[in-house]
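Worksheet: the structure to be examined is printed underneath.
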Amino acid sequence: MASSEITLEAVPSASDIKAADWDACANPKPNPDSLENLDTLTASGSQSDPCKPAYNPFVSHAFFAAAEASGSACARTGWGPRHLLARLDGEIAGIVPCYLKSHSQGEYVFDRGWADAYERAGGRYYPKLQASVPFTPATGPRLLIRDGVDRERIGTALASGLMALCNATNASSVHVTFAPETEAKFLGAHGFLLRNDQQFHWRNEGYGTFDDFLTSLNSRHRKAIKRERREATAAGITIHHLTGSDITEDAWDAFFAFYMETGSRKWGRPYLTRKFFSLIGENMSRDVLLVMAKRNGRWIAGAINFIGSDTLFGRNWGAVEHHPFLHFEVCYYQAIDFAIQRGLRIVEAGAQGEHKLARGYLPQTTYSAHFIADPDLRRAIADYLKRERAYVAAAGRELTEAGPFRKAADEA
């Protein structure tokens, strides 16, 4: 029997794709008897319990629709949607969320050095294609494939389609960032270059309480965390968890003020609009945890987190009052507390930050895959990435060894 036909197309908006079709590819409910190499992985790179669907809020239709409809990710901001679809006999079987970009901002996998070198040599690096979740350095599937189809065949079609889309849009390259390790290696087998980086993630080793977690640390770090938690709220500050219907528009107003204040100092121009948060509140409030700090009857600081099936994803933080250690309390310790209460296995604390190590967050390798159209640029980048991967691996080993957890010598 002849194979079913696969056709490819790119669409200019997530709203052009039915939410049910998108989510059937992005967060499928897996059949435990048919897990294959490209099945959705958790952010840590290990497979979820096959009896429990792995859910990643950042690849949901609601998240992309909010980013685009709010004017946060659109052509005007340099994020022109070009979502790649693979249809099997006319039905959507696979999606790659993809953007045609005129800059390298809001990605957290840094390629500005590549762009500068290429343009000094007379090339044109922009536009480029970015297969990622806008403004979100969180690992999750990038080859979104519906359950029940030949995943390798659809994945191969999507990989080839990204290269064809690169040519069709006169882009210099395709960058698939924060992909699971299996997806990155799959793309590597189809002509993409592999790049590693690292973040700091906390792992739940079956702790029943935050104090259980503290007992796993050496004495010096255990005492330091207890002191930081006390001092963080010493000025009469109370901490509140808001999720679901508890997140009102007033709470979003307060959080957006924090986001703008901190984002303006860090980036010059924050990426997300106020409308984005309202849309998230309308369509994804059960996936959101706002950790908010209050003093003298008003909100003074907060952090937004997104809740997956086994991972809490820490994202943006901001404050209008600055108190010692409040950032650590709101962003890191409260996230650990919440994860323990919910039975979540991992807290991803976002990009960079070796200061997270002392708070129990250990190095975790992240993965991306890059197709470079120009053969000379490709060779130069391939050589660079080989050295960079060795450095990332060595740094990860050293940082893990320097971590705060008790070792055998501490027990003596």
Treating every alpha carbon of the chain as one equal point scatterer without solvent, the Debye formula yields log10 I(q)/I(0) values at q = 0.11 Å⁻¹ of -0.84
Length gained, E354-N296, 0.36 nm per residue minus C-alpha separation, equals 17.6 nm
Dividing the alpha-carbon radius of gyration of the stretch 117-160 by 2.2 N^0.38 Å (N being the number of residues), what value is obtained?
1.68
Quick tally, 1.4 Å probe accessible area for E261, E228, sorted with the most first, runs E261, E228
Once you place label points 7 Å from the Cα toward the Cβ at E9 and E321, how far apart are they in nm?
5.5 nm
How many percent of the alpha carbon pairs in the stretch 289-411 exceed a separation of 18 Å?
65 percent
In whole angstrom, note down how far apart the Cα centers of the stretch 149-206 and the stretch 299-366 are.
26 Å
What spacing in nm lies between the two simple spin-label points modelled at R397 and Q105, each 7 Å away from Cα in the Cβ direction?
4.0 nm
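Based only on the alpha carbon positions, what is the Kirkwood hydrodynamic radius of the stretch 55-172, in angstrom?
Numbers: mean 1/r = 0.0655 Å⁻¹.
Computed over the stretch 55-172, the radius equals 15.3 Å.
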So for each of 67-74, 387-394, 187-194 I average, over its residues, the number of other beta carbons within 10 Å; can you give me the resulting order with the highest mean first?
67-74, 187-194, 387-394
To the nearest 500 deg cm²/dmol, what mean residue ellipticity at 222 nm is calculated for the chain from DSSP H runs of n ≥ 4 alone, each contributing -39,500 (n - 2.57), summed and divided by the residues?
-10500 deg cm²/dmol
Which lysines have a Cα lying under 30 Å from the Cα of K407, excluding residues fewer than 8 positions away in the same chain?
K223, K226, K356
Normalized C-alpha radius of gyration of the stretch 91-141, against 2.2 N^0.38 Å?
1.36
So, relative contact order of the chain in percent, Cα under 8 Å, 6 or more apart, is 20 percent
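The values are calculated or read from the model by the stated rules, or taken from the named source; none is laboratory data. Treat the numbers as computed from the prediction; the structure is a model and nothing was measured. So basically every Cβ, Gly included, is an ideal-geometry build from the backbone, and we count neighbours across all protein chains shown. Heads up: the accessible areas ignore ligands, DNA and RNA and are worked out on the full protein's heavy atoms, side chains in. Shrake-Rupley method; radii C 1.70, N 1.55, O 1.52, S 1.80 Å.
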